[in-house]
Structure formats: structure tokens, C-alpha cells
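The values are calculated or read from the model by the stated rules, or taken from the named source; none is laboratory data. The model shown is predicted, which means the values in this text are computed figures rather than measured ones. Here Cβ is always computed from backbone atoms with ideal geometry, including for glycine, and neighbour counts include all displayed protein chains. When the accessible area is computed, the model is the full protein with side chains, heavy atoms only, and any ligands, DNA or RNA have been set aside. Shrake-Rupley method; radii C 1.70, N 1.55, O 1.52, S 1.80 Å.
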Amino acid sequence: PTPLPTQSPRQDVCQHNPNQRIINIEYIHYKKQENKKMEVTITTENFESYKNGDLPLVVDLWATWCGPCRMVGPIISELAKEYDGKLVVGKCDVEENDEIAADFGVRNIPTILFFKNGELVDKFVGAANKATIEEKFKALL
């Protein structure tokens, strides 16, 4: 869909009752979608709650200085949008949350961890194309 302008919602006069105003619902829906976050930031503080949540969890372990991480990052973000509501996709900066990486023996990044029912069920290390990573997402469902 074509993005709507970022102006305030348009109010029109109702044809049936001139004293009543109609708010452009499409604009409000667009703003809700725009503010909806498809991926979460995983930290040491919130990791356990996401890991033990109702939906399977995918965690992308990365760092700002990591070239391959910058290649994988946009793919993970795209898949987060496509699988929204089916699983939770999170990104975890290992520089700020090194305990998570250490707990799962992560020595190389990017590493993608896959959790179901609170348990680690799969791990993927290194850069890959979207199709390869998406196969792992599908297997988690």
C-alpha cells in the first residue's frame, strides 16, 4: 500500500449529519502499523521472558563492527515482518549483552539462536541468504 502523508488525520463532514465529523480511519490504521515493532531488542534483562513466552523466539546475535552481521541484519528484519504474530524475532548486541552469548557458547557472529518452549532447538552461525535463513524460521513453526 502507498504510504499516507504524515499529516494529522483528515476530518470530513458527514453527509448525513453536517454536525458530525468523520476521521480518516485509513490514516489511523496506517499510524498504528507504522508504530508497530516487528522485532524486539533482546537484553540480559528481558531475554528470559521472551525465551519462555508463548511464541517461538529467534535471536540474532550481532555487533555494530561485524560486517557479516550488517548483511544478515536486514534479512532478519524482513523475516520479522513476514513472520509477525507467528514467532518473536529479536536482535541482541553481544557487546552490550555478552552474558547471553556466553551462556550459549557463541564464539562467532552473526549467530542466530532458535528457541521453542523455552529450549534452544537450533543454531545458525555465519552469513547466509534469505532462503537459507527462512528455512530455519519455517522449521521452528
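Observations on the structure shown:
- Once the 1.4 Å probe is applied to the protein heavy atoms, the stretch 81-130 comes out at 54 Å² accessible per residue.
- Those aspartates and glutamates that a straight Cα-Cα span of less than 15 Å connects to Lys86, excepting residues fewer than 8 apart in one chain: Glu39, Asp54, Glu78, Glu134, Glu135
- Atom-type composition of the exposed protein surface of the stretch 49-121 places 48 percent of the accessible area on carbon and sulfur (1.4 angstrom probe).
- For the stretch 80-140: span of alpha carbons on each principal axis (Å, largest first): 28, 26, 19
- Radius 10 Å from Cβ of Ile75, net charge of other residues (Lys, Arg +1; Asp, Glu -1): -2
- Contour minus Cα-Cα distance for Thr64 and Phe104 (0.36 nm per residue): 12.4 nm
- Förster-model FRET efficiency, 22 Å R0, Lys138 and Ser77, C-beta, rounded to 0.05: 0.80
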